[in-house]
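Have a look at the structure below, then the notes.
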Amino acid sequence: MVVALDVAVGLVRDIIPNPFRPVAFAPPWRTSTAVTLASQMYESRDFDVMSILADALQDAGCDNGDVLSHCRGPGPHVKGCWVVDLVLGKE
């Protein structure tokens, strides 16, 4: 039961950002590299390159700790991930 609850909490954290720390996604962070990575993850549902997305966002000037730590965190990451949705403009 505890494992199922941990998984459920992880999924909620992946699809819903912290409401007390809203992220203002800067348009310059939406580079072709970041969009390509996010699109591939969204379509394939394979989120193994989340840390590479973090690197691409950081290279684009993203310094938001919530965004970068979410991408580099252990997940789980699923379709509907709030960072991927932000990159793709699905706000």
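Listed by position, the helices (runs of 4 or more DSSP H) enclosed by the chain that each have at least 1 residues that are crowded, with 18+ Cβ neighbours inside 10 Å and modelled with pLDDT of 95 or more are 32-44, 50-59, 65-72, 82-87. Restricting to segment 6-53, and then to whatever is among the polar types (S, T, N, Q) and out of contact with any helix residue (DSSP H, G or I) (no Cβ under 8 Å at 6 or more places or on another chain), can you tell me which residue is nearest to L88 (Cα to Cα)? If we take residues in segment 6-53 being among the polar types (S, T, N, Q) and out of contact with any helix residue (DSSP H, G or I) (no Cβ under 8 Å at 6 or more places or on another chain), then S39 is nearest to L88 (Cα to Cα). Of all the listed residues (V78, V84), the sole one being in contact (Cβ under 8 Å) with a residue 24 or more places away in the chain, within 15 Å of T33 (Cβ to Cβ) and among the hydrophobic types (A, V, I, L, M, F, W, C) is V84.
The values are calculated or read from the model by the stated rules, or taken from the named source; none is laboratory data. Because the structure is a prediction, the values reported are computed rather than measured. Quick reminder, even Gly has a Cβ in these numbers, built from the backbone with ideal geometry, and neighbours come from all protein chains shown.
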